[in-house]
Each structure stands twice: as C-alpha cells, then as structure tokens.
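Visitor: Before I ask anything, let me first share the structure, which is written out below as structure tokens.
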Amino acid sequence: MAGSFDESGADLELVGVTKRFPGFTAIENLNLTIPAGSFFALLGPSGCGKTTTLRLVAGLEAPTAGRILIGGKEVTATKPHQRPVNTVFQSYALFPHMTVLANVEFGLKRRGIANALALAHEALRLVELDHVASRRPSQLSGGQQQRVALARAVVNRPALLLLDEPLGALDLKLRRQMQLELKSIQGEVGLTFLHVTHDQEEAMTMADTVAVMNKGRIEQMGAPEELYELPRTTFVANFLGQSNLFTGEVVESGSDAVTVDIAGLGIKVPRERAQRHAGEVTIGVRPEKLTLHTRKPDTAAGVNILGPGVIIDASFTGVSTQYLVQVPGLPVITVFAQNMAFGPVAEQGAEVWVSWRVEHGFGLADEPEPEARFAADDDTRTIAVQRRQRLEDELDEA
Amino acid sequence: MAFGAFANTGPDLSAAAPRRRSYVALILLAPGVLYLVATFVAPLVSLVLTSFKEPGGDFEVGEYVYAFRWENYAEAIERFGEIFLRTFGYSLLATVLALVISYPLAYFIGVTLRRFPLWQSLTLILVIAPFFISFLLRTLAWKAVFADEGPVVSFLQSIGVLGPEDYLNGTAFTVIFGLTYNYIPFMTLPIYASLERLDLRYVEAGGDLYAGAGQRFWRIILPLSLPGVVSGTLLTFIPASGDYVNASKDFLGSTNTVMAGNVINDMFFQSFYPLSAAVSILLMVAILIPVIAYVAKSGSEELL
Amino acid sequence: MTTQEAAVLGRAEEAPAPRRRPRSGRGGAGSWVVGAYSLLALGIMMIPIVYTIVFSFNDARRTNIVWRGFTLDNWLGICDDPRVCESFGNSIIVGVTATIAATILGTMIAIAIVRYTFRMRTLVTVLLFLPMATPEVVLGSGLGSQFVNMGVERGLWTIIVAHIMFCISFVVVTVRARVASLDPSLEEAGRDLYASPGQVFWRVTLPLLMPGILAAALLCFALSFDDFIITNFVSGNAETFPKFVYVAASRGIPPQSNVIASAVFFLAIILVVVAQLSAGVRRRRLAKAG
C-alpha cells in the first residue's frame, strides 16, 4: 500500500453507517458521498455524531453496521495504519518527545518512504515552519503547533485529510488567518478535506459543501449560501445564523406563492422556497432581511408586513443594531438594521412595523412543534426585558 | 483481501473488539496479579493457618503442627493487650504530631513559596532528604542526640526541666519522637501535592465573599486539601503502628516501650511462630478496621 | 420582587450594602509565622542527616559515638570492615533485581487498569491497595512464616521475592498516574500515521510513559535499599546493608556504615537536584517560547 496514495484525493463513501455505543446511538444509518478534491465540512453541535463520523473514517472506531469506501475500495475492516487517511487532531496530538521534524517524518518512515527527510522539510516549508524543525512541539505557539499537525498529515499525501476542529484552540484572529491558510493549502495540494466543526462561520468560509448534522443524522447538505438562504429544517434555520420563525395554517396555495395565516395576517412564501404547501407549517425569514418602519407601510405586492409591535430592546453591535420587536400573538422578532445613519432608527418602546420581500421568506419541512406557536422566550435576556416591560407598565398604571 | 473485507461486516467487528481487549488485559494483569497472590495473599493465608497451630508432639521449640488452637489468640490478647493499646497510643500521637508539623510546612512550600520555584524545589528536596539517608542510621543519630551525656539532656538538666537522674532515651517521648520524625515526609508530601494544586483564586473568591483569614482556611483551604490530609494520615499511621525499630531497645526504646511490631519480631525469632502470627493477624485487623472506617468517612476513593 | 429578580433586572438598590472585605491573604504576618515554623521544622529534620555525615569523618575507635577528630580514613577504606561492603553489595543486587522485576510487572498492571475494562476490577484494585495498607511487620512475618512452613531456606533470593512484592503496588500507583494523563489522541495519531500496534507502543506509548516508569523504578529502589522490617523476616543468614546496621546497633556501628549512607545520600541528592534543575530549565524555555 505504501506510496500508492492518490495524489489528487479520492471519493469517500459512507453507506448505511450506524454506530452504537453502550447506551446511545451516535450515528443512525448515515449515507454520505464526498467527491474527490472537495473541501467538505460536517457542521453540528457537540454530541451530534460528527466526530464519531470522522473517527469511523479514520478507522479509530469500527462501525456497528454499514460500509466505508475510500476511492471505491472498501476499508470498513481496515486498521487505521493501513488506511490512506490522515487526521489533524483537535488537540494536534503532536508527539511531545520528538522534534517537529521527527513528528512530520513519522508517517513517512512508518511507510518506508525513501526520501522522508526531504519530503518532511518540504511539508514544513509549505506551512512556513522549516526554521523550527529541530524544536520540540511544546516550544511552539498554538498556531505553529496547528500548522505542524497539518504538515504532519499532509506530507503523507493521503487520499483523504480529516480535520477534527483543528482551529478550536486558537484565538479568533489566528483562527481567521489559519482558515485562509488551510483553504489555500488545500488548493495547492489538491486533497479531499473532511472538516468537522461546530463553528458555523468556519464551515461556511472554508468548505465547498457543508453538511449540518444533528442527533446522528444529516439534516441538510449543500453549498454554504444555499444552506443559509434556504434552510429546510428548524434546526438548520437556527443553528446556521439566526431566524425568525412563525407557525400558522396555509390559507391559500397558489401557483407561485403559499399564503400562511400568521396572527391574522396573510404572509406569503414563494412556492419553490416552501417545503410544505398545506396544513400547519413553519415559515421563517432572516433578521437582516427585515426592514423596520416607524409608520405603517403601505401594503404592496411582493412585501410581507407584520405589526404593529413594540421595540422591547435595541442593542448596538457596531455594523448593525439588533432590535427585539414584540408583536402581540407572535414570538419576539429579531431585526438587524444596518447602521446607515448615526444613531438608532427607532427608540425602545416605539411602535413599529416590520416588512420583508416575499422572496426572502422560506418554509420549513419539519412538523411544527406545538410550542413554536408561542413566544420562544427561552433566553434570559428576553425574559428580563419582558419583566422590565411589565414592571414599567405597572408603575405607569400606579 | 476484498472478500475478507466484505465478510467482515460491522456486527462482527464490534463483537470482536471487547473480546480482544479483555484478552490483552489478561496478559498484562496476570503476571503481576499472580505474583501478588503468591507472595501477599498466600502468606496471609499461611499466617492465619500458623496462628492456629499447636506445638508438635516432641515439644521441640519451633516445631508446630496444623490445628485449630484458638487459645493462641486468647494468649496473645491476654499477654499483649496492654502493648496493643500502647501501639495505638504511640502511633496515633505520632500521626497527630506529624500532621501538626507537616500542614504548615506543606502550606509554606506549596502556597507561600509558589512564586519562588527555586526555593520551592529546594525546600521540597529538604523534606524528602531524610528518605535518602538510611532509616536505621538516622534513628541512631537521634539516639546519640538524646543520649544521657548528649546535648539535649544536658541542656534540659541545666534549665531544670529534667532532674540530674532523668534521661530521655528509652522513654515514650523518644519513641514517639522517632516515629513522628521518620514518617513526617509521608505526611508532608501528599498534603503538599494537594496544596500545590490549590487554585488561589478560590481563596481570593472567599475573601471577596467576606470570609476572614480563619474562615478562608477552614472553609476553603482545608476542605480542598483534605484528600492530601487523608492519604498523609494513612501513610503515617499504618507504618508507624507496625514499626518496631524506633521502639527497639537498641534504638530509641526500652523494655517499657515495647510495641506490637517488637512482639511479632521477638516471637518470630524465638520460633514462637503461632503466637507471632496471631499478634500479626490481630494487628492487621486492628489497623484495617479503623483505616476502612476512616476512608469510608472521608469518602476518599482515590487511594490508589 | 425577589432580590434575584432585581439582579436579573440589573437594579442594585435592593441588594445588601457590601460589607468591608477582609484583606485577601498573601503576605502579612501569618505567612511569616508559617515560614519561620517551617524552616525550624526543616532544620530539625536535617539534624540526623548532618550527624550521620559528620560522623562518617570521625576518627572512631571501637564505637562511633564520641567525636574524636577528623579523618578521611573511613572514606578511603570503605571495605576495611568487610561486612559493610558485602552487605552494601547485597543491597545493590537485591535493589536492582527487585526494581527491574517490580517495574515491569507494575507497569503492565498500570496500563491494564487505565486502558482496559475487565471483570473483577475491584478485586484487583483491592489486591493492589492492601499491601500498602498492611503494616510492613505483618507482610514480613507473613512471608517469613510461609517460607518456614514450606521449609524454604531463606537468603538473598527470598529477600528479592519480598521486595518485588511490596514494590509492585507503588509502581502501579506511580505509573498509573502517568498512563491516565497520557492523551489517547497521541496513540491514535501514531496509528493514523501508519504505525502498527507494536510500533505505536515502542515509539509513542513507552517513551511517553518513561518519566513515570523511571520515577517508579527510583522509588522502588529507594524502598528496597532502605527496607529493614520486611527483610529481617525473610533474609535468613543473608545480610543487606540495613540488616547489618540493625545487627551492629547493639555492639556499635562502624564508621564505614556512615560513609555508605552519606555516599548514597549525596548521590540521591545530586540525582534529584539535576532532575529538578532540568525540569526548571525546560519550564523556563517553555515560558520563553509561549
């Protein structure tokens, strides 16, 4: 097997893979194909099964059922050291008792590659760390360690490179820098990257394809823009950015739009952007797509309007201001307004309306949960804000 | 190879994994565990059997046959009951003294000297230094220090604490002193280990939440270092209660300071094996009961 | 409205007025007392060490109790009392053999305990804990009476058997901590980088456990070298260095014993200081790199 690895990466196929641990199922019947040469991200909260998936591919865990194929060859029963796969571990797992160079050479030497030393130096040059080759990993900074871990994996030219949240331990600025570096290295070496992360921004900026995982299943898969603009489930809508979600009955199902009854108002969603066209449905719109009005806007074709409501909180975040709007009978609506003018568009307590263009809305596929109909007041700030509102109302009355 | 891979589908793998694991564990465990069974468990059994032996037919000294002579225990308790009480008194006192000396010392090294790593290392080396000089020779050194013509006795006589005919060697004082001294490192090191890890921010948080110095100690520092105190206490009390060097007449003791260990040793070398065994078993049971109770009460399961 | 709600609303009026905080306690008179007390305790603890070393230079005659003047004769003629040298040699043989055997057996158990699940785990744990919780005199008399019952002639090898026994538990405790703190992803990285299970063990696991294994071996050697209580029951006519001192105690200890003890002491101190210094240098280098 030595030396026979594919230079341009290979397809990864998971067929009906299930992994059960005593007491719980980490992955349930997972089918996934990752084409050669792509940068694929598995995105999900901790415990969603993404790391288990990665370990199954690396061979560090054996699946309970199902098959794993790399470049069309079955590797399900193959030991990790016999698989053409390398991992950049979350903790980097650099051998502390070896120099940086010895770490990078390690895999090459185990496979008996002749010019291991030259290849290792070349890999270190790729990550711009050849000058620290004789140091121990503990003498390097976090970002340098991360790059050594990457070099140690890439130098083997694996068919598939697995990245297990490799940027999690770095601070924000370094993380951004490393994201760009990783992406450019992927372009240079042309391997297939499988990246596991819980950081949605990281997944979106780096990957060609993102799969959102939840509870051992893939909820939705696609290009980052597609996932963001057209989430298909409540989980994706909330995990990838923020969403305003409303639940109501479909009152009219036209040829180009579906009309849903939200708090007595007919809200339209484009037919091709709605997963369900009848019965109880959940529809949503991203906060930045909303426009805030201090006067009731005129009804117009192609625009949805909700209101009147009251601004219960306004927080300035720099590029935008985040408003929380309470419309009676609806969950609190979040609006991101660009700071185009100096100062807030509307004051707290002001009466406002929100509107958005029909084509920005989306309809979700999952059954609406009963509680989604009511105010989703599960975050403490909203509770505090509402309490204060109520208290001030009482004081006004007194 | 492809066939093999196909045949080896998921369920087989997961079933195979744990079996292989316990097989490796067995190989790793077996030699050491069997060794301990042969050299620790079997001797304990042998000790119990010996403790019930009775003298052999021809009444030659050291000749015994297997029997169930429980009277050996009655004899042991009758003859050595007082010695058992003394053993516990001495070792308990030595443990308490070692704790009183060790805690401030461990605190000083682990907390006060934290900002001076060099001094911390140096004092730590001083604590373990007695380990490196022969146990017997350092005990004999104390015998010389406390000798009748020695500096301590002369000084105490000159200030009138001791009368002109009084002496120190061979008294309960020197035996308890020797026990305390010899086992202090066993007390200091575990306490140091838990104090060294103590996050001072907890103490600062205590101060922030209106705890005075005393309360910070009782409510924060002491509870957090309790695991160290528990293991230090055990590491001191257990060997101290079985010690027979300090109490031996050639060292710091005399015939008035005989401890259980001396009895076991003397009976064994006078070939009274059953009596020696009976005293051993009694000592072990008498120590294990309070130790288990203490461990259960302090809830420390991290002894090993 | 409860104070909790007030806190949520960010209104401090109803919160109790802050009491004056006591001084947070670093420095101050308290630590001076603790420091002086500790230094006094350490000073007293050094007395027997200084005494033993000083009397290794004593121009002793029959006994080595009274100071008769400085000489290097004892150091230059360690083997003038052949029993001192012989017993010291025996102690080295026993210590080295027992250390090697106990370190191997104990390390294997430590790895099994941390890394594998097996039946009768509690039983094994108790079996390892008990030798440490049993007074040495009981261990010694037990093994001694077993050798008597079996009619085994006692000598150096029975001492080695006994020392391996009481060392194993200490080795397990020491190495276990190291195994437990070993990041499993390091071994996974080895497997991921094409190392076979054997190569992972020899190239990754063992080198990483080595500091713990060495510490365990040193501890075992120190325990073995200084053990008298157990040795006394299982030694027969064989004499280790501590047993020689015990036997000689009633007649008078030759000054050469002090030489041996002092030499071992200096060697151990040098070892520890070097280990501490190199750890310190590493730490400082790390701090610089970070």
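Visitor: Given the conditions (1) of a type in the set (Gly, Ala, Ser); (2) modelled with pLDDT of 90 or more; (3) crowded, with 22+ Cβ neighbours inside 10 Å, which single one is not true for A:GLY216?
Guide: Here A:GLY216 meets the rest and fails (2).
Visitor: Restricting to the range C:219-261, name every residue that is in a helix (DSSP H, G or I) and under 19 Å from B:PRO185 (Cα atoms). Walk me through it before giving the result.
Guide: In the first step, residues of the range C:219-261 are kept if they are in a helix (DSSP H, G or I); the result is C:219-226, C:229-234, C:241-249, C:255-261.
Across the range C:219-261, the qualifying residues are C:LEU219, C:CYS220, C:PHE221, C:ALA222, C:LEU223, C:SER224, C:PHE225, C:ASP226, C:ILE229, C:ALA261.
Visitor: Right, here's the next one. Can you list the helices (runs of 4 or more DSSP H) found entirely within the range B:101-177 that contain at least 3 residues being over 22 Å from C:LEU39 (Cα atoms) and either within 14 Å of chain C (Cβ to nearest Cβ) or out of contact with any Lys or Arg (no Cβ under 9 Å at 6 or more places or on another chain) (or both)?
Guide: Details: elements: B:117-132, B:135-145, B:151-158.
Passing ranges, in order: B:135-145, B:151-158.
Visitor: I'm trying to understand the selection: among the residues of the range A:48-100, which are under 21 Å from the mean Cα position of the chain (by Cα), outside any strand (DSSP E or B) and either of a type in the set (D, E, K, R) or closer than 28 Å to A:GLN144 by Cβ (or both)?
Guide: Within the range A:48-100, A:LYS50, A:THR51, A:LEU54, A:ARG55, A:VAL57, A:PHE89, A:GLN90, A:SER91 qualify.
Visitor: Does at least one position in the range B:19-38 carry a residue that is modelled with pLDDT of 90 or more, over 19 Å from C:ALA110 (Cβ atoms) and facing another protein chain (nearest Cβ under 9 Å)?
Guide: yes
Visitor: Could I ask something else about it? Report, by residue number, each residue of the range A:225-266 that is under 12 Å from the mean Cα position of the chain (by Cα) and at positive phi.
Guide: A:GLY241
Visitor: Give me the pairs, please: first residue somewhere in the range C:122-142 and touching a residue at least 24 places away in the same chain (Cβ under 8 Å), second residue anywhere and part of a loop (DSSP other than H, G, I, E, B) and crowded, with 19+ Cβ neighbours inside 10 Å, beta-carbon distance under 7 Å, and either six or more positions apart or on two chains.
Guide: The qualifying pairs are C:VAL137/B:TYR244.
Visitor: Can C:GLY280 be described as touching a Lys or Arg at 6+ places or on another chain (Cβ under 7 Å), away from chain A (no Cβ under 13 Å) and either closer than 30 Å to A:SER141 by Cβ or outside any helix (DSSP H, G or I) (or both)?
Guide: Spelling it out, it is not the case that C:GLY280 is touching a Lys or Arg at 6+ places or on another chain (Cβ under 7 Å), away from chain A (no Cβ under 13 Å) and either closer than 30 Å to A:SER141 by Cβ or outside any helix (DSSP H, G or I) (or both).
Visitor: Considering only the range C:133-188, how many residues are outside any loop (DSSP other than H, G, I, E, B), within 12 Å of chain B (Cβ to nearest Cβ) and among the hydroxyl-bearing types (Ser, Thr, Tyr)?
Guide: 5
Visitor: Here's a follow-up. Mind listing just one residue for me: the one in the range A:263-314 that is part of a loop (DSSP other than H, G, I, E, B) and of a type in the set (A, V, I, L, M, F, W, C) and, of those, modelled with the highest pLDDT?
Guide: My answer is A:LEU290.
Visitor: Now, a different point. Report, by residue number, each residue of the range C:232-251 that is under 30 Å from C:TRP67 (Cβ atoms) and either surrounded by 13 or more Cβ atoms within 10 Å (Cβ to Cβ) or modelled with pLDDT of 85 or more (or both).
Guide: Of everything in the range C:232-251, those that are under 30 Å from C:TRP67 (Cβ atoms) and either surrounded by 13 or more Cβ atoms within 10 Å (Cβ to Cβ) or modelled with pLDDT of 85 or more (or both) turn out to be C:GLU239, C:THR240, C:PHE241, C:PRO242, C:LYS243, C:PHE244, C:VAL245, C:TYR246, C:VAL247, C:ALA248, C:ALA249.
Visitor: Against the definition (under 16 Å from A:PRO158 (Cβ atoms), touching a Phe, Trp or Tyr at 6+ places or on another chain (Cβ under 8 Å) and within 11 Å of chain C (Cβ to nearest Cβ)), how does A:ARG110 come out, yes or no?
Guide: Judged against the criteria, A:ARG110 is a match.
Visitor: Just the residues that are among the aromatic types (Phe, Trp, Tyr), within 16 Å of C:SER262 (Cα to Cα) and surrounded by fewer than 21 Cβ atoms within 10 Å (Cβ to Cβ), please, taken from the range C:43-99. Break it down into steps so the answer makes sense when it comes.
Guide: Here is the first cut: in the range C:43-99, the ones among the aromatic types (Phe, Trp, Tyr) are C:51, C:55, C:57, C:67, C:70, C:75, C:88.
If we keep only those that are within 16 Å of C:SER262 (Cα to Cα) as well, we get C:51, C:55, C:57, C:70, C:75, C:88.
C:TYR51, C:PHE57, C:PHE70, C:TRP75, listed by residue number.
Visitor: From the list C:ARG203, C:ARG191, pick out the single residue that is of a type in the set (Lys, Arg), over 17 Å from the mean Cα position of the chain (by Cα) and at the interface with another protein chain (Cβ under 7 Å from one of its Cβ atoms). Write out each step before concluding.
Guide: Numbers: C:ARG203 fails: at the interface with another protein chain (Cβ under 7 Å from one of its Cβ atoms).
Answer to the check: C:ARG191.
Visitor: Can you give me the number of residues within the range C:255-280 that are touching a residue at least 24 places away in the same chain (Cβ under 8 Å) and touching a helix residue (DSSP H, G or I) at 6+ places or on another chain (Cβ under 6 Å)?
Guide: Count: 10.
Visitor: Farther than 30 Å from A:ARG157 by Cα, out of contact with any strand residue (DSSP E or B) (no Cβ under 7 Å at 6 or more places or on another chain) and surrounded by 13 or more Cβ atoms within 10 Å (Cβ to Cβ): does that describe C:ALA215?
Guide: yes
Visitor: Closer than 19 Å to A:GLY16 by Cβ, of a type outside the set (S, T, N, Q) and within 14 Å of chain B (Cβ to nearest Cβ): does that describe A:GLY59?
Guide: In short, yes.
Visitor: What single numbered condition from (1) under 25 Å from C:PRO207 (Cβ atoms); (2) touching a residue at least 12 places away in the same chain (Cβ under 8 Å) fails to hold for A:ALA102?
Guide: Here A:ALA102 clears every test but (2).
Visitor: Given the structure, is A:LEU117 modelled with pLDDT of 90 or more and either assigned to a strand (DSSP E or B) or within 14 Å of chain C (Cβ to nearest Cβ) (or both)?
Guide: no
Visitor: A follow-up question, please. For the subset of the range A:29-57 comprising residues that are of a type in the set (Gly, Ala, Ser) and crowded, with 22+ Cβ neighbours inside 10 Å, which member is farthest from A:GLU202 (Cα to Cα)?
Guide: Result: A:GLY49.
Conditions tested, residue by residue: (1) away from every other protein chain (no Cβ under 14 Å); (2) modelled with pLDDT of 85 or more.
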site: A:ILE333; (1), (2): yes, yes
site: A:ALA341; (1), (2): yes, no
site: A:GLU347; (1), (2): yes, no
site: A:ALA350; (1), (2): yes, yes
site: A:TRP356; (1), (2): yes, yes
site: A:GLY361; (1), (2): yes, yes
site: A:PHE374; (1), (2): yes, no
site: A:ASP377; (1), (2): no, no
site: A:GLN386; (1), (2): no, no
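Visitor: To continue, here is another question. Could you please find all residues in the range C:100-125 being more than 7 Å from every other protein chain (Cβ to nearest Cβ) and either crowded, with 19+ Cβ neighbours inside 10 Å or within 19 Å of B:LEU47 (Cα to Cα) (or both)?
Guide: Answer for the range C:100-125, where residues must be more than 7 Å from every other protein chain (Cβ to nearest Cβ) and either crowded, with 19+ Cβ neighbours inside 10 Å or within 19 Å of B:LEU47 (Cα to Cα) (or both): C:ALA101, C:ALA102, C:THR103, C:THR107, C:ALA110, C:ILE113.
Visitor: In the range A:120-142, how many are part of a loop (DSSP other than H, G, I, E, B), surrounded by fewer than 17 Cβ atoms within 10 Å (Cβ to Cβ) and facing another protein chain (nearest Cβ under 8 Å)? Break it down stepwise before answering.
Guide: Taking the range A:120-142 first, the residues part of a loop (DSSP other than H, G, I, E, B) are A:127-129, A:133-136, A:140-141.
Restricting the remaining residues to those that are surrounded by fewer than 17 Cβ atoms within 10 Å (Cβ to Cβ) gives A:128, A:134, A:141.
Subsequent filtering for residues that are facing another protein chain (nearest Cβ under 8 Å) retains A:141.
Total meeting the criteria: 1.
Visitor: Scan B:PHE80, B:PHE52, B:PHE84 and give me the residue that is at pLDDT 85 or above, over 23 Å from the mean Cα position of the chain (by Cα), buried (at least 18 other Cβ atoms within 10 Å of the Cβ) and of a type in the set (A, V, I, L, M, F, W, C).
Guide: Result of the check over B:PHE80, B:PHE52, B:PHE84: B:PHE52.
Visitor: Within the range B:274-286, identify whether any single residue is in contact with a Lys or Arg (Cβ under 6 Å, 6 or more places away or on another chain), more than 28 Å from B:LEU168 (Cα to Cα) and touching a residue at least 12 places away in the same chain (Cβ under 8 Å), and answer yes or no.
Guide: Our first condition is that a residue be in contact with a Lys or Arg (Cβ under 6 Å, 6 or more places away or on another chain); within the range B:274-286, this holds for B:274.
Those left that are additionally more than 28 Å from B:LEU168 (Cα to Cα): B:274.
If we keep only those that are touching a residue at least 12 places away in the same chain (Cβ under 8 Å) as well, we get B:274.
Yes, some residue in the range B:274-286 is in contact with a Lys or Arg (Cβ under 6 Å, 6 or more places away or on another chain), more than 28 Å from B:LEU168 (Cα to Cα) and touching a residue at least 12 places away in the same chain (Cβ under 8 Å).
Visitor: If we only count helices (runs of 4 or more DSSP H) wholly inside the range B:196-304, which ones have 3 or more residues that are surrounded by fewer than 20 Cβ atoms within 10 Å (Cβ to Cβ) and within 11 Å of another protein chain (Cβ to nearest Cβ)?
Guide: B:200-208, B:213-216, B:273-298
The values are calculated or read from the model by the stated rules, or taken from the named source; none is laboratory data. No experiment lies behind these values; they were computed from the predicted model shown. Virtual Cβ from ideal backbone geometry, glycine too; neighbours counted across all protein chains shown.
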